[in-house]
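FYI, it's all coordinate maths here, none of it is from the lab. Keep in mind that this is a model prediction, so the values were computed, not measured.
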Amino acid sequence: MDRSQKADAVAALNATFAESGVVVVTRNLGLSVAQSTELRTKMREAGASYKVSKNRLAKLALKDTDYEGLGELLTGPTALATSTDPVAAAKAAVDFAKTTDKLEIVGGSMGGQMLDEAGVKALASMPSLDELRGTLVGLVNAPATKIARVVNEPASKLARVFGAYGAKEAA
């Protein structure tokens, strides 16, 4: 990798960090190609990305971002999981780490807030942004449904009474 390629890699990583809501640092302890591909697929499905980069270049890219404190976690064979959704990358990384002992969660950061391994796992247990939106829509929609039911109930009672009288006279 020559100097211009390194500069491009640092700029790309810096742009990724600027757009991310969370960065999770993982340690690769011998993932096979198949496992690595599966992890990347799960990350993509969750709306996150997973990138292995040189620690020195990642430390350079972290400068002047909210994630500057992650530099101390970048030792050994590490990789970075990022996502704009504050929960997606953490959830995908933690779920995959449960299935294999070859991926270790080192820590992470959500904005300027540094997270240790337990913090990343706690973040992963939270509902995702889409799940929260669904819950809010359900809560907002529930009162409207109840109002419609209350308004329609007297009319349906009248219809049943008329139906009963109609059946009684027909018999």
Binned at 5 Å from 0, what are the whole-percent values of the Cα-Cα distance distribution for segment 62-120, short to long?
4, 17, 30, 29, 14, 5, 1, 0
Find the eigenvalues of the gyration tensor of the Cα atoms of segment 76-171, then list the square roots of 5 times those eigenvalues as equivalent ellipsoid semi-axes, largest first, in whole angstrom.
57, 15, 8
On a straight-distance basis, which lysines could pair with Lys98 in a cross-link, Cα separation under 29 angstrom, same-chain partners fewer than 8 positions away excluded?
Lys42, Lys51, Lys54, Lys59, Lys121
Two decimals, Cα atoms only, Kirkwood Rh: what is Rg/Rh over segment 1-101?
0.95
Hull volume per residue for segment 127-171, using the convex hull of the C-alpha atoms, in Å³ is 69
Normalised by the residues of the chain, what does the relative contact order come to in percent, with Cα pairs under 8 Å and at least six apart?
26
What is the mean projected area of the alpha carbon convex hull for the chain, to one decimal in square nanometres?
16.3
